[in-house]
Amino acid sequence: MLNQRRVVIDYVYPKINDGDFYIKRVVNESVTVDAHVLVDGHDMIAASVLYKHEREKKWQEVRMHPVINNEWQASFTVVKQGFYTYKVEGWVDYAINWQHGIQRKIEGDQYVKSELLEGIPFLQYISKKVHDHEKDYLNHLQHLFASEQDYDEAIKAATSKKLHNLFTKYPQKILANTSKDYRVYVDRLKARFSTWYEFFPRSASEQNGVHGTFKDCERLLPKVAKMGFDTLYFPPIHPIGEVNRKGKNNTTTAFDGDVGSTWGIGSQYGGHTDIQPQLGSVEDFKALVLKAKEHHIEIAMDYALQVAPDHPWVKEHPKWFKWRPDGTVQYAENPPKKYQDILPIYWENDDYKNLWQACLDILLYWIDCGINIFRVDNPHTKPFYFWNWVISEVKQKHPDVLFLAEAFTAPKVMQQLGKQGYTQSYTYFTWRNSKHELIEYVEELTKTEQREYMRPNFWPNTPDINPYDLQGANESKYIQRYLLAATLSSNTGIYGPVFEQMLDAAIPGKEEYLNSEKFQISHYDWNKENKLTAVISRVNQIRQQNEALQQTNNIKFCQIENSNLMAFYKWNDARTNELLIIISLDPYYAQQGSVQVPLHDLNVQQGHQYQMHDLVTGSVYNWYNEWNFIELHPTLPFHIFKITK
């Protein structure tokens with residue numbers, strides 16, 4: 001195919017799979033676009049980023065500037081939720097070429113009357129686009145360029161910055177080339193910054209052995225708010241299956257009084273749009289959602305697409321399950337785990353369209369009840385394209401809805417879920433403990449393409465995971481793990497009160513809690529406070545007050561010659577909020593070393609004073625040098641310094 005255009009747009013970033021998937025931002029974030037734009041010969045070229053919101057018809061334009069080696073860059077800010085489209089446009093800027101050429105000839109003492117006349121068509125073109133006061137100026141220039149008597153004035157005007165700016169402001173794009181269209185999806189701020197607390201509503205009662213209710217959960221809202229959490233996540237609240245119900249500690253035999261696993265969903269009392277009767281009514285749940293909002297807390301629900309053998313779907317929609325020759329359905333497995341109380345959905349069935357619609361209807365029902373956040377159980381065991389469809393369907397009408405993928409699986413599978421539309425993802429942070437492991441993992445999340453589509457959510461523990469590192473750990477270790485999660489990632493969460501009360505009894509040889517709350521009601525002293533709860537509360541307050549901790553990607557690890565000390569610099573986009581965080585990875589002994597402060601990034605010269613405000617203790621230190629001595633003790637194994645200059 002013949003193509004007369006001379007400008008080539010060889011590369012555009014950011015993009016995911018060459019534009020097959022969209023990148024992600026939140027409201028008021030910027031998108032910095034890099035492109036390789038080049039042309040044959042020596043002509044001067046120009047380039048722009050064109051962008052528009054999905055509800056807008058007119059493209060907005062921001063000019064790109066050359067960086068080095070035919071690389072161009074520009075940024076634009078997304079100010080509304082929903083999709084934006086962006087692309088790169090490049091062209092030979094003949095007006096600028098004319099001005100550059102005439103300037104070189106004038107500098108060489110050449111007579112340029114003919115060149116002045118050649119410039120008049122450029123003036124005539126932009127005269128049609130400019131404001132009235134600019135048009136008067138251009139008309140004057142046309143007269144000068146055509147006049148023999150005004151030659152000296154004409155050559156000054158031809159090479160003026162004022163004319164250059166007008167050519168730049170009103171470009172004549174002859175044979176312009178454009179890249180393909182790319183998309184960015186813009187979420188609300190909570191997609192990037194959230195602090196989660198998880199507990200089981202059935203364990204919320206003040207009385208030992210009594211099933212908790214939504215009213216009990218209301219009683220606990222002030223505690224959750226006081227600790228600084230803005231998202232309260234509940235494991236499934238639906239009716240629990242009675243057939244093949246699990247007993248305590250995941251035994252396959254349930255005795256009288258055993259309450260079963262909350263993830264074994266469905267019984268004679270209903271399915272995914274119903275509530276376990278002991279918890280209360282739908283009205284009680286809606287009241288809890290509203291009460292939580294008074295405390296600036298959002299309720300997050302579990303979305304688990306699996307059923308107990310007595311779920312209504314099994315009889316109403318038998319095609320949705322894969323039946324064996326003996327008339328049974330193979331129970332669910334996620335090796336090495338077995339779920340005898342759960343039947344997996346058969347996604348390849350002929351009635352899949354009705355199945356998909358039913359799954360969407362579950363989400364829409366709870367959205368109507370006031371839920372805008374869903375933590376999705378084991379999404380990696382359901383089709384990727386289903387998630388793309390159902391998330392897209394929800395977001396079209398409910399852009400505030402967020403989805404957290406609970407997928408501890410192969411890296412590329414987790415990444416694919418992010419590409420298909422998940423807002424946030426659980427991560428491998430739970431198993432990253434050494435300085436090298438942590439730095440390597442955070443660099444992977446923040447310095448590679450993953451930063452554009454996979455927002456990490458760091459959890460030190462979950463009901464499924466009692467990590468070896470916390471089994472038998474002391475208070476300092478728990479403080480360290482929360483500090484790492486809450487400062488490395490802007491999205492973080494804990495399973496409580498197990499975490500803050502340091503309840504770590506494990507099944508021997510496994511990363512599982514003994515007497516797991518997944519299979520029984522637990523009783524807690526919900527009024528208990530300790531040093532760890534105080535630290536969590538203060539750190540969460542610091543997160544709320546410092547934009548540098550409300551994002552994940554702006555991070556730079558600092559040199560510190562001690563494998564037990566980790567230091568990193570974080571900043572907001574405007575660099576009006578800059579922090580230095582130093583954490584000891586040794587829960588038993590004091591550690592010391594010298595940290596290299598990134599003075600160049602801070603725009604501070606060696607020997608000039610800058611102040612370090614410890615946001616936990618309130619102490620202030622005057623530093624002058626690039627290298628500074630640090631000592632941390634297990635009693636308070638971290639510093640969060642706010643830097644002022």
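The values are calculated or read from the model by the stated rules, or taken from the named source; none is laboratory data. Since this is a predicted model, take the numbers as computed values, not measurements. Because the Cβ atoms are built from the backbone with ideal geometry, glycine has one as well, and the counts that use them run over all protein chains shown. The area values use the complete protein model at the heavy-atom level, side chains included, leaving out ligands, DNA and RNA. Shrake-Rupley method; radii C 1.70, N 1.55, O 1.52, S 1.80 Å.
Remarks
- Listed by position, the helices (runs of 4 or more DSSP H) enclosed by the stretch 271-390 that each have at least 3 residues that are of a type in the set (D, E, K, R) are 282-294, 352-368.
- Of all residues making up the stretch 336-350, the number that are open to solvent by less than 40 Å² (accessible area, probe 1.4 Å) and not aromatic (Phe, Trp, Tyr): 5
- All of GLN471, GLN450 fail the test of being of a type in the set (S, T, N, Q) and under 27 Å from ALA204 (Cβ atoms), apart from GLN471.
- Hey, ALA74 in contact with a strand residue (DSSP E or B) (Cβ under 6 Å, 6 or more places away or on another chain) and either part of a strand (DSSP E or B) or farther than 29 Å from LYS447 by Cα (or both) or not: yes
- Listed conditions (1) hydroxyl-bearing (Ser, Thr, Tyr); (2) open to solvent by less than 10 Å² (accessible area, probe 1.4 Å); (3) without any contact (Cβ under 8 Å) to a residue 40 or more places away in the chain are all met by THR253, apart from (2).
- Test result for VAL67, open to solvent by 60 Å² or more (accessible area, probe 1.4 Å) and either among the charged types (D, E, K, R) or over 19 Å from PRO171 (Cβ atoms) (or both): yes
- Filtered residues of the stretch 249-265 (kept if in a loop (DSSP other than H, G, I, E, B) and touching a Lys or Arg at 6+ places or on another chain (Cβ under 9 Å)): THR252, THR253, ALA254, PHE255, ASP258, VAL259, GLY260, SER261, THR262, TRP263, GLY264
- Residue within the stretch 435-450 that is closer than 17 Å to ILE555 by Cβ, assigned to a helix (DSSP H, G or I), in contact with an Asp or Glu (Cβ under 8 Å, 6 or more places away or on another chain) and not basic (Lys, Arg) present: yes
- Residues that are open to solvent by 30 Å² or more (accessible area, probe 1.4 Å) and outside any helix (DSSP H, G or I), drawn from the stretch 217-248: GLU242, VAL243, ASN244, ARG245
- Given (1) within 19 Å of SER194 (Cβ to Cβ); (2) open to solvent by 50 Å² or more (accessible area, probe 1.4 Å); (3) in contact with a Ser or Thr (Cβ under 8 Å, 6 or more places away or on another chain), number of the condition ALA405 does not satisfy: (2)
- Check on TYR610, among the aromatic types (Phe, Trp, Tyr) and open to solvent by 20 Å² or more (accessible area, probe 1.4 Å): no
- Considering the stretch 446-470, and only residues there that are of a type outside the set (S, T, N, Q) and open to solvent by 20 Å² or more (accessible area, probe 1.4 Å), the residue that is farthest from VAL33 (Cα to Cα) turns out to be TYR468.
- Residues within the stretch 177-200 that are over 20 Å from PHE403 (Cα atoms) and among the aromatic types (Phe, Trp, Tyr), tallied: 1
- Single residue of the stretch 21-48 satisfying the filter (farther than 30 Å from PHE384 by Cβ, assigned to a strand (DSSP E or B) and touching a residue at least 40 places away in the same chain (Cβ under 8 Å)) that is most open to solvent (accessible area, probe 1.4 Å): ILE45
- Residue match in the stretch 152-161 (condition: acidic (Asp, Glu), out of contact with any Lys or Arg (no Cβ under 8 Å at 6 or more places or on another chain) and open to solvent by 20 Å² or more (accessible area, probe 1.4 Å)): yes
- Considering GLN142, GLN172, the condition of being in contact with a helix residue (DSSP H, G or I) (Cβ under 8 Å, 6 or more places away or on another chain), polar (S, T, N, Q) and in a helix (DSSP H, G or I) is satisfied by GLN142 alone.
- Matching residues, the stretch 617-637, being within 19 Å of ASN577 (Cα to Cα) and either open to solvent by less than 50 Å² (accessible area, probe 1.4 Å) or at pLDDT below 95 (or both): SER619, TRP623
- Within the stretch 198-216, one or more residues are assigned to a strand (DSSP E or B) and either open to solvent by less than 10 Å² (accessible area, probe 1.4 Å) or without any contact (Cβ under 8 Å) to a residue 60 or more places away in the chain (or both).
- Out of LYS395, LYS412, LYS419, one residue alone is within 15 Å of the chain's Cα centre (by Cα) and either surrounded by fewer than 18 Cβ atoms within 10 Å (Cβ to Cβ) or part of a helix (DSSP H, G or I) (or both). It is LYS419.
- Those strands (runs of 3 or more DSSP E) lying entirely in the stretch 471-589 with at least 3 residues open to solvent by less than 20 Å² (accessible area, probe 1.4 Å) and modelled with pLDDT of 95 or more: 491-495, 565-571, 578-584
- Residues within the stretch 598-616 that are closer than 19 Å to THR576 by Cα, of a type in the set (S, T, N, Q) and free of Cβ contacts under 8 Å to residues at least 40 places away in the same chain, tallied: 3
- Of all residues in the stretch 6-20 being open to solvent by 50 Å² or more (accessible area, probe 1.4 Å) and touching a strand residue (DSSP E or B) at 6+ places or on another chain (Cβ under 7 Å), the one that is nearest to THR77 (Cα to Cα): TYR13
- Qualifying residue in the stretch 309-327 (condition: without any contact (Cβ under 8 Å) to a residue 24 or more places away in the chain, open to solvent by 40 Å² or more (accessible area, probe 1.4 Å) and either in contact with a strand residue (DSSP E or B) (Cβ under 8 Å, 6 or more places away or on another chain) or closer than 21 Å to ALA407 by Cα (or both)): yes
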